[in-house]
Amino acid sequence: MPPPVFRFAPSPNGLLHLGHARSALLNVDLARASGGRFLLRIEDIDATRCRPDYEQAIYEDLAWLGLVWEQPVRRQSEHLALYRDAIARLTQEGLLYPAFESRADIARLVAERERAGPWPRDPDGAPLYPGHSGQLSRAERERRRLSGAPYALRLDMAAAMARAGDLVWEELGSGPDGETGKVAARPAQWGDVILARKDTPTSYHLSVVIDDALQGVTHVVRGQDLFHATAVHRLLQALLGLPPPLYRHHPLVLDDLGHKLSKSTHATALRDLRAAGMTPAQLRQLVGLTAI
């Protein structure tokens, strides 16, 4: 039986913080304990935010922590053709449609809907897609695309769920509300999610399931903030015929106010902690992991 495969997959759009350290270290610990493999993947599909200096900082921070990963490192920006192929397949099967509303259009539509009452939101708190692009005729969609109008390719959630049927995933950790074991996937909570844009042939949801399958990842160990997104991932795995890994969602590292650490809120970076004299052993203790 092949050994289990774990991975840590950061995006080089900022410096790593304590939350990243907990996830990376936990993946390495579990790989070592099970005689498994540990992979590093760079999720750099966002060309506007990802930077080479942040990618280099990832390697330096992880090396300081004592992590060793297999080579070569998979960089998503080098595999865009694979994601385009998946998008083409889902489009051909009638499961994707172009949506032409801008972010401002969507905000306006949501505001209009909310005059009659609360508009549903996804588990991250964002409003579900309120537009009607999915109801446009094929000729009208093509006319708008040929005109050069920007668009997002959205998954027809109702059609996708009808195709895939009921889905579950095996949870070895726990969700925010203690969910564990066999968890029923409820992708409808996310509405018609975006899987690609006119100028970007993929999204996090699509690329992560393709990469995990191609790399033979057997155990996805990540923070509880991605627990509910697993429902979308299980749906895409079913639609694309990809094997589902086992999932383990771990508690997040929170700041003094109880908020999730984030690059966007300038959480203290690992390199700053290192510069202040913290050792890898002290950091392990700080994120709640025992010494090895």
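The values are calculated or read from the model by the stated rules, or taken from the named source; none is laboratory data. Model, not experiment: these values are computed from the prediction. Neighbour counts are summed over all protein chains in view; Cβ atoms, including those assigned to glycine, are modelled from backbone coordinates with ideal geometry.
Key figures
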{"quantity": "Long-range neighbours under 8 Å by Cβ, at least six apart or interchain, first residue more than 28 Å from G175 (Cβ to Cβ) within the range 111-140, second among the β-branched types (V, I, T)", "calculated": "G131/I106"}
{"quantity": "Residue in the range 77-84 that is buried (at least 20 other Cβ atoms within 10 Å of the Cβ), hydroxyl-bearing (S, T, Y), at pLDDT 95 or above and over 30 Å from R248 (Cβ atoms) present", "calculated": "no"}
{"quantity": "Residue within the range 279-289 that is outside any helix (DSSP H, G or I), small (G, A, S) and at pLDDT below 95 present", "calculated": "yes"}
{"quantity": "Single match in L167, L195, L153 (criterion: more than 12 Å from V232 (Cα to Cα) and either without any contact (Cβ under 8 Å) to a residue 40 or more places away in the chain or of a type in the set (A, V, I, L, M, F, W, C) (or both))", "calculated": "L153"}
{"quantity": "Scan of the range 1-34 for residues that are among the basic types (K, R) and surrounded by fewer than 19 Cβ atoms within 10 Å (Cβ to Cβ), ordered by number", "calculated": "R32"}
{"quantity": "Subset of the range 171-184 (residues that are of a type in the set (G, A, S), part of a strand (DSSP E or B) and either on the phi < 0 side of the Ramachandran plot or surrounded by 15 or more Cβ atoms within 10 Å (Cβ to Cβ) (or both))", "calculated": "A184"}
{"quantity": "Residue count, the range 1-19 (criterion: among the aliphatic types (A, V, I, L, M), more than 20 Å from L273 (Cβ to Cβ) and in a loop (DSSP other than H, G, I, E, B))", "calculated": "2"}
{"quantity": "Residue check for S77: under 21 Å from the mean Cα position of the chain (by Cα), assigned to a helix (DSSP H, G or I) and of a type in the set (S, T, Y)", "calculated": "yes"}
{"quantity": "Subset tally (residues that are under 14 Å from K198 (Cβ atoms), of a type in the set (A, V, I, L, M) and part of a helix (DSSP H, G or I)) for the range 81-103", "calculated": "1"}
{"quantity": "Every residue from the range 104-131 that is of a type in the set (D, E, K, R), exposed (fewer than 12 other Cβ atoms within 10 Å of the Cβ) and assigned to a loop (DSSP other than H, G, I, E, B)", "calculated": "D124"}
{"quantity": "The listed residue being in a loop (DSSP other than H, G, I, E, B), at pLDDT 95 or above and within 27 Å of Q224 (Cβ to Cβ), out of E70, E55", "calculated": "E70"}
{"quantity": "Selection within the range 132-170 - outside any helix (DSSP H, G or I) and either among the acidic types (D, E) or surrounded by fewer than 17 Cβ atoms within 10 Å (Cβ to Cβ) (or both)", "calculated": "H132, S137, S147, G148, A149, P150, D156, G165, D166, V168, E170"}
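So that you can scan it fast, the table gives a plain yes or no per residue for (1) exposed (fewer than 12 other Cβ atoms within 10 Å of the Cβ); (2) not β-branched (V, I, T):
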position: G36; (1), (2): no, yes
position: D44; (1), (2): no, yes
position: T48; (1), (2): yes, no
position: P52; (1), (2): yes, yes
position: L65; (1), (2): no, yes
